[in-house]
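Novice: What follows is a structure written as structure tokens; I'll ask about it next.
The values are calculated or read from the model by the stated rules, or taken from the named source; none is laboratory data. The shown structure was predicted, so the numbers you read here are calculated from the model rather than taken from an experiment. We place every Cβ from the backbone using ideal geometry, glycine too, and count neighbours over all the protein chains shown.
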Amino acid sequence: MDQFIRNYETLAFCYKKINYFSDYLKADEEDRSKICASEKKRLLDSLNSDEMKFSNFVKLRIKNLTSHIYC
């Protein structure tokens with residue numbers, strides 16, 4: 001989950017650097033697809049990883065809950 005959040009933040013930062021009107025709207029479709037392409041790929045890879053499976057979220061939640069009980 002942490003890696004997904006970092007990848008999401010990296011993509012968001014990349015988009016913040018792009019001037020929508022001068023960079024994005026004036027670009028053709030091929031150039032638009034290249035904008036933040038590596039960041040988009042990393043985020044997509046994170047989404048498709050085992051880390052993002054529902055069962056892993058449940059395991060993480062159980063771990064967090066039980067760690068607070070035994071403190």
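Novice: Considering only residues that are surrounded by 12 or more Cβ atoms within 10 Å (Cβ to Cβ), at pLDDT 90 or above and not aliphatic (A, V, I, L, M), which ones fall in region 7-45?
Specialist: Scanning region 7-45 gives ASN7, TYR8, GLU9, THR10, CYS14, TYR15, CYS36, GLU39, LYS40, LYS41, ARG42, ASP45.
Novice: Restricting to region 3-39, name every residue that is hydroxyl-bearing (Ser, Thr, Tyr) and closer than 30 Å to LYS53 by Cα. Talk me through it step by step, then tell me what you get.
Specialist: Step one: filter region 3-39 for residues hydroxyl-bearing (Ser, Thr, Tyr), giving 8, 10, 15, 20, 22, 24, 33, 38.
Hits for region 3-39 are TYR8, THR10, TYR15, SER33, SER38.
Novice: Residue by residue through region 1-50, note down the ones that are among the small types (Gly, Ala, Ser) and either under 22 Å from ARG61 (Cβ atoms) or not in a helix (DSSP H, G or I) (or both).
Specialist: At the first step, the residues of region 1-50 found to be among the small types (Gly, Ala, Ser) are 12, 22, 27, 33, 37-38, 46, 49.
Within region 1-50, ALA27, SER46, SER49 qualify.
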